[in-house]
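To keep things clear, I will list the structure first and then write my remarks on it.
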């Protein structure tokens with residue numbers, strides 16, 4: 001399986017990288033071109049003062065695979081390899097978010113503005129919801145990666161991007177029609193939360 005990489009073309013300005021975290025630089029460069037991805041990955045490893053051998057140990061990716069990616073012999077890495085590269089860099093940057101479990105909702109800002117609550121109630125339990133504004137597929141992917149890192153138990157998004165996110169993050173994805181109305185989003189969040197709570201209850205019973 002190959003990484004989903006929409007090309008942004010030459011109009012994409014690399015100066016926009018300024019201010020991004022290193023893992024974001026690597027991700028965004030992959031959207032520009034294979035060459036940009038390789039050069040950015042090499043730059044990030046230099047900035048982190050890591051050679052390929054050390055990054056291999058941290059990421060769990062074989063040295064030979066990393067050499068092939070950086071040299072261009074394997075210009076389009078497998079999705080699992082790409083995910084491990086990003087995960088390792090995020091770990092090295094100590095990217096951490098809030099500790100309270102929550103359901104992430106990714107949508108355009110006008111849709112998110114219609115949501116008037118920060119919590120939903122499922123089976124008598126209050127579950128926090130956290131909003132992530134996004135307008136492009138790039139925004140959605142970055143928001144999903146951030147939500148996963150910050151502790152999201154599930155992600156609610158539009159059906160058109162749900163299949164892509166399922167290939168990138170490991171948390172459950174709940175697809176919901178993105179309308180200028182909070183109800184479909186909240187109902188999707190409740191459905192996801194109910195499923196998660198049910199699974200946690202089963203796990204707890206098995207352990208006991």
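Report yes if residue 25 is modelled with pLDDT of 85 or more and under 14 Å from residue 93 (Cβ atoms), otherwise no. Yes. The set of residues in region 81-95 being within 20 Å of residue 146 (Cβ to Cβ) and at pLDDT 80 or above consists of 82, 83, 84, 85, 86, 87, 88, 89, 90. Checked against (1) at pLDDT 85 or above; (2) not in a helix (DSSP H, G or I), residue 74 meets all criteria but (1).
Residue 107 falls short of the stated requirement of being farther than 20 Å from residue 28 by Cβ, buried (at least 17 other Cβ atoms within 10 Å of the Cβ) and modelled with pLDDT under 85. Taken over region 42-62, the criterion of being exposed (fewer than 15 other Cβ atoms within 10 Å of the Cβ), without any contact (Cβ under 8 Å) to a residue 24 or more places away in the chain and farther than 14 Å from residue 81 by Cβ is satisfied by 46, 49, 51, 53, 54, 57. For region 1-22, taking the residues that are surrounded by 14 or more Cβ atoms within 10 Å (Cβ to Cβ) and part of a helix (DSSP H, G or I), the one that is modelled with the lowest pLDDT is identified as 17. Has region 154-177 got any residue that is surrounded by fewer than 17 Cβ atoms within 10 Å (Cβ to Cβ), touching a helix residue (DSSP H, G or I) at 6+ places or on another chain (Cβ under 7 Å) and modelled with pLDDT under 85? Checked against the condition, which is being surrounded by fewer than 17 Cβ atoms within 10 Å (Cβ to Cβ), touching a helix residue (DSSP H, G or I) at 6+ places or on another chain (Cβ under 7 Å) and modelled with pLDDT under 85, region 154-177 yields at least one hit.
The values are calculated or read from the model by the stated rules, or taken from the named source; none is laboratory data. Bear in mind the structure is a predicted one, so any value in this text is a computation, not a measurement. Glycine also receives a Cβ, built like all others from the backbone with ideal geometry; neighbour counts cover every protein chain displayed.
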